[in-house]
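Please read the structure below before turning to the comments.
Just so it is clear, none of the values below were taken in a lab; they were calculated from the coordinates. Because the structure is a prediction, the values reported are computed rather than measured. Ideal geometry is used to build each Cβ from the backbone, glycine not excepted, and the neighbour counts take in all protein chains shown.
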Amino acid sequence: APDGTLLLSMHGGQGETGAQDWFGKSVSVRVTLVEPAELRGLAEAAGFTVRALHVREPYPSEFPTRRLYLVAG
């Protein structure tokens, strides 16, 4: 929507990863990881203005990839 806000959160990194089960169910999950600058560039190329981009390291109990959080409008 015009003047709307885009919120994204995703795993960051390089390459691909995945799993063959998800929360105890047999599901094939494939993930393409992106770096923060790449995520910013994709949002801007789509016509968004990036307002904030935060990166955090994973918590000990999480999958070992950085987390990316983007706010754009």
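Yes or no: LEU6 among the aliphatic types (A, V, I, L, M) and touching a helix residue (DSSP H, G or I) at 6+ places or on another chain (Cβ under 6 Å)? Spelling it out, it is not the case that LEU6 is among the aliphatic types (A, V, I, L, M) and touching a helix residue (DSSP H, G or I) at 6+ places or on another chain (Cβ under 6 Å). Consider region 8-32 and keep the residues that are in contact (Cβ under 8 Å) with a residue 12 or more places away in the chain and out of contact with any strand residue (DSSP E or B) (no Cβ under 6 Å at 6 or more places or on another chain). The one that is farthest from LEU70 (Cα to Cα) is GLY15.
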